[in-house]
Amino acid sequence: MRELETNSRSRNELFNQLGVSANKQGLETFSGALPPEPRAEFLKHWKPLETLLLEVNEKNQRNETVVARNSRNLEHLMSIIRGQNQKNMLYDNAGGKGNYSAQQRLGKA
């Protein structure tokens, strides 16, 4: 993670030195300003990286969804083990009076 962060910072510093914004539009502007041969070389390397970046971003979003779902499931299971029922909350999310009745316990079952 540190290596990725270092790489990202150095890349952004290089973009700033060149006066290029670190986004797709900035890179398109930069490549459009290059002479034909360097532009072709730039695009030869940039296009596969762009495809890989989009793929990684898609997988990251999928992983984020899975982690969030698993976290909710784990919290629900832990509340069952603790004997808590989400419907029996003293206060609701807005801070108002909730629907509180006696907390259920696993031992009552």
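Residues that are open to solvent by 90 Å² or more (accessible area, probe 1.4 Å), within 21 Å of R9 (Cα to Cα) and either charged (D, E, K, R) or not in a helix (DSSP H, G or I) (or both) within segment 20-46 comprise K24, E28, listed in sequence order. Determine, yes or no, whether R11 is surrounded by 10 or more Cβ atoms within 10 Å (Cβ to Cβ) and within 23 Å of V56 (Cα to Cα). Yes.
The values are calculated or read from the model by the stated rules, or taken from the named source; none is laboratory data. Since this is a predicted model, take the numbers as computed values, not measurements. Positions of Cβ are generated from backbone atoms using ideal geometry, with glycine treated the same way; all protein chains shown enter the neighbour counts. These area figures cover heavy atoms from the full protein model, side chains too; ligands, DNA and RNA do not enter into them. Shrake-Rupley method; radii C 1.70, N 1.55, O 1.52, S 1.80 Å.
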